[in-house]
1. Among (i) 45, 36, 36; (ii) 57, 26, 26; (iii) 58, 27, 22, which one is Cα extents along the principal axes in Å computed from these coordinates?
2. How about segment 1-41: which trypsin sites (Lys or Arg not before Pro) there lie in a loop by DSSP and see at most 14 other Cβ atoms within 10 Å?
3. Give the calculated FRET efficiency between D11 and S115 to the nearest 0.05, with a Förster radius of 35 Å applied to their Cβ-Cβ distance.
4. Springs between alpha-carbon pairs under 10 angstrom, Gaussian network model over the chain: which of A113, A49, A98 fluctuates most?
5. Using Cα atoms only, what is the angle between the long axis of helix 35-46 and the major principal axis of the chain, expressed in degrees (0 to 90) to the nearest 10?
6. Full extension from S61 to A49: what is 0.36 nm times the residue separation minus their Cα-Cα distance, to one decimal in nm?
7. Using per-residue counts of other Cβ atoms within 10 Å, averaged over each peptide, order 138-144, 39-45 from highest down.
8. So, for segment 22-75, what is the accessible surface per residue at a probe of 1.4 Å, expressed in square angstrom?
Amino acid sequence: KMKEDLKIKGDVILTLTDESGNLKQRQEIKNLVVTDGLNYISNKIVTSATTMSRMAVGTGSTAASAGQTTLVTELDRNTFSSVSASNGVCTFNAQWAAGDATGAITEAGIFNAASGGDMLCRTVFDTVNKAAGDSLAITWVVTISV
């Protein structure tokens, strides 16, 4: 008897630095691969679905749930600064420079469009107060395993 259980998990690292490059805050958190993201993965297997290309941050604090298709309160969405995939591990990196996405950030998600589109996954975290001179870097690792 053969049994195969596919698992998808995400780990997110947020790093906030000030205008001089000094570390202000660092968080390591988990994410939820939402239903929209699972549908995206299955569609990608049989079609040429649009590639995940952007990460968004927002100010919503509603807990992540499988049925969500957007951030609760999106603040800004940026194209990945780098992305890689190998051996079932996808790594997405995005950055928000000084003056970009300033505010009390509490959520993030991965998307395949500049606006709207499919959301792969979403996470909620302790408030990251990004001042106008601060920079924010997010590394998001999605691991697919059995």
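The values are calculated or read from the model by the stated rules, or taken from the named source; none is laboratory data. Predicted, not measured: the structure shown is a model, and the values here were computed from it. Every residue, glycine among them, receives a Cβ derived from its backbone with ideal geometry; neighbour counts consider all protein chains shown. Remember, those area values only see protein heavy atoms, side chains included, never the ligands or the DNA or RNA. Shrake-Rupley method; radii C 1.70, N 1.55, O 1.52, S 1.80 Å.
1. (ii)
2. Counting only loop positions with at most 14 other Cβ atoms within 10 Å, the trypsin sites (Lys or Arg not before Pro) in segment 1-41 are K1, K3.
3. Efficiency at R0 = 35 Å is approximately 0.85.
4. The residue that fluctuates most here is A49.
5. Once rounded, one gets 50 degrees.
6. Answer, rounded to one decimal: 1.4 nm.
7. Result, highest mean Cβ count within 10 Å first: 138-144, 39-45.
8. That works out to 59 Å² for each residue.
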